[in-house]
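Structure first, then comments.
Where a number appears in this text, it was derived from the coordinates with a stated rule and is not lab data. Not measured: the values here are computed from a predicted model. Because the Cβ atoms are built from the backbone with ideal geometry, glycine has one as well, and the counts that use them run over all protein chains shown.
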Amino acid sequence: MKYHTIDSNLFVKNRNKFIAQMKPNSVAIFNSNDIYPVSADSSLPFAQHRDIFYLSGIDQEESILLLFPDAPYENQREMLFLKETNEHIAIWEGAKLNKEQAFTTSGIKTVYWLQNFEKVLAELMTYSDTIYINTNEHYRAEVETETREARFVKWWKNKYPAHTVAKSNPILQRIRSVKEPEEIALIQEACNITDKAFRRILPFVKPGVMEYEIEAEMIHEFVRNRSKGFAYTPIIASGNSANVLHYIENNKACNDGELILMDTAAEYANYSSDLTRTIPVSGRYSPRQKAVYNAVLRVKNEATKMLTPGTLWKQYHIEVGQIMTSELLGLGLLDKADVQNEDPEWPAYKKYFMHGTSHHMGLDTHDYGILTEPMKANMVFTVEPGIYIPAEGFGIRIEDDIVVQETGEPFNLMKNIPIEVDEIETLMNA
Ligand SMILES: [Mn+2]
């Protein structure tokens, strides 16, 4: 791993939060992701399943975490099963965690090799009544591939049909959405790396630069700061491409007079950051571009203030919509009749701002969190309003990552990343 070692105390705390929600006499199991094949013997880079990482810090394929808090013997209460390693395997396949390293990483004392799993499990199943299976219930998930976790769930339920089944996912959604201070520090590090990359490209962008050249500058800065790379597929969209919300080709020339919308950010230690800035190719915004930019910025600043404990997701979006509506009236993009006649299910502002304002952010870029429950302190949200005007050849989105505070103003993890028109223009012309 490129990232610095994380204190295992974080994973001990995370497990304790999960265990506290488990029913009596129950077992919960979490699996690594597979390494996904391409063809022949090539594969995609490994990306750990965030749930096993959150609960153990184990960042390696073919790993299993088992929790059984009511087990009769103490050494059965938490266990890891890992891919076997020894000196011979290390030479041929590269270093994998040994048992001592697995303990240092996770704080878990009982570590077996994977080939012992079924036998050990069989004994534990005779003592337990309920199994916690980990299905993916994220509100945006559309998974066609059968994950290692899903494959395991099928096998487990089939092998032990007399056990009651319970769901891990709602517990994880709740505990993962409220971050520990160590997690906020890791997200802050991802944001700081993103800041460096953004400052690197500001003086680099000139008319004629290719979108992929900007992408290359960014990934260079990410990797040299211990990030694996982009936290999500980067969007570097000049001119009207910014009005294609999921434009990821990044293959066009950036022309004088256009804006570039960049939704690009680094991961660090599997934690995401999520940034959007929209900058002028020439280094100067036109008066119209500046007016729209500052309208989006005001909406972002007002929306940020609403990210406080107790705020309800649905009400938040209604209020942001009202602020956006008044900005669009000010810009002449909507008139009073548009607003008076609007469909409450699809208000007039949606013509120019058609996506949500915020999402939970953390180990996943669109992180866990139950959207019908009120916001809590130490949740991390993006704030990302935008105004998209195909008829004028540009779209503007501005996005920061925000921590809800128990009291006082929400904390902006991206407060150091240039955002004001003057600062961006000064840095681009430096
Ligand atoms: Mn986002």
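Computed from backbone phi, the HN-Hα couplings of the range 260-275 come to 10, 8, 10, 9, 9, 7, 8, 9, 8, 6, 6, 8, 8, 10, 8, 10 Hz, rounded to whole numbers (Karplus: 6.51 cos²θ - 1.76 cosθ + 1.60, θ = phi - 60°; Gly and Pro given as x). Result for the chain in a Gaussian network model with C-alpha springs under 10 Å: among Asn75, Asn255, Asn412, the largest mean-square fluctuation is at Asn75.
How big is the dipole moment of the range 181-428 about its Cα centre under a simple scheme where the beta carbon of each Lys and Arg is +1, that of each Asp and Glu is -1, and everything else is neutral? Debye, nearest 20, please.
400 debye
For the options Thr147, Thr407, Thr264, a Gaussian network treatment of the chain with springs between C-alpha atoms closer than 10 Å singles out Thr407 as fluctuating the most.
Pairs of Cα atoms nearer than 8 Å and 6+ residues apart set the relative contact order; for the chain it is 14 percent. Report the net charge of residues surrounding Lys109, where surrounding means a beta-carbon distance below 12 angstrom and charges are Lys +1, Arg +1, Asp -1, Glu -1. Summing Lys/Arg as +1 and Asp/Glu as -1 gives -1. A helix-only calculation puts the chain at -10500 deg cm²/dmol for mean residue ellipticity at 222 nm, using -39500 (n - 2.57) for each DSSP H run of at least four residues, averaged over all residues. Note that the range 342-356 has calculated 3J(HN,Hα) couplings of 5, 7, x, 6, 9, x, 4, 4, 5, 4, 10, 9, 9, 10, x Hz, one per residue in order, obtained from phi through the Karplus relation 6.51 cos²θ - 1.76 cosθ + 1.60 (θ = phi - 60°); glycine and proline are x. Can you give the translational diffusion coefficient of the range 282-381 in µm²/s, computed by Stokes-Einstein from the Kirkwood radius over Cα pairs at 20 °C and 1.002 mPa s? After rounding, the answer is 142 µm²/s. Between amide H atoms placed 1.01 Å from N, distances below 5 Å from Val209 occur with Cys254, all of them 5 or more places distant or on a separate chain. Considering only alpha-carbon pairs that sit under 8 angstrom and 6 or more positions apart, the relative contact order computed for the range 64-142 is 28 percent. Relative contact order of the range 85-223, taken over Cα pairs closer than 8 Å and 6 or more residues apart, is 16 percent. Each of Gly94, Val27, Leu312 was scored by the projection of its Cα onto the charge dipole of the chain, and the greatest displacement toward the positive side belongs to Val27; charges sit on the C-beta of Lys, Arg, Asp and Glu. Highest mobility in the GNM of the chain, judged by mean-square fluctuation with C-alpha springs under 10 Å and restricted to Val281, Val178, Val38, is found for Val38.
Volume of the convex hull of the chain (Cα atoms only), normalised per residue: 163 Å³.
Can you tell me the alpha carbon radius of gyration of the range 181-428 divided by the globular rule-of-thumb value 2.2 N^0.38 Å?
On the way: Rg = 17.5 Å, N = 248, 2.2 N^0.38 = 17.9 Å.
Taking N as the residue count of the range 181-428, the ratio is 0.98.
Residues whose amide H lies under 5 Å from that of Trp113, counting only those 5 or more places away or on a different chain, are Leu82; hydrogens are built 1.01 Å from N in the peptide plane. Stokes-Einstein diffusion for the range 82-192, with the hydrodynamic radius set to the Kirkwood value over Cα pairs and evaluated at 25 °C in a medium of 0.890 mPa s, equals 140 µm²/s. As a rough footprinting exposure proxy, the listed residues Thr145, Thr382, Thr426 were ranked by other beta carbons within 10 Å of their own, and the order from fewest upward is Thr145, Thr426, Thr382. Counting other Cβ atoms within 10 Å as a rough exposure proxy, the listed residues Leu121, Leu427, Leu80 run Leu427, Leu121, Leu80 from fewest neighbours to most. Ellipsoid semi-axes for the range 30-104, based on the Cα gyration tensor and the rule √(5λ), read 26, 16, 9 Å when sorted largest first. In plain terms, if you count all Cα to Cα distances in the range 9-176 and split them into 10 Å steps from zero, the share in each step is 9, 39, 37, 13, 1 percent. Arranged from fewest to most other beta-carbon atoms within 10 Å of their beta carbon, Trp155, Trp113, Trp313, Trp92 become Trp92, Trp155, Trp113, Trp313.
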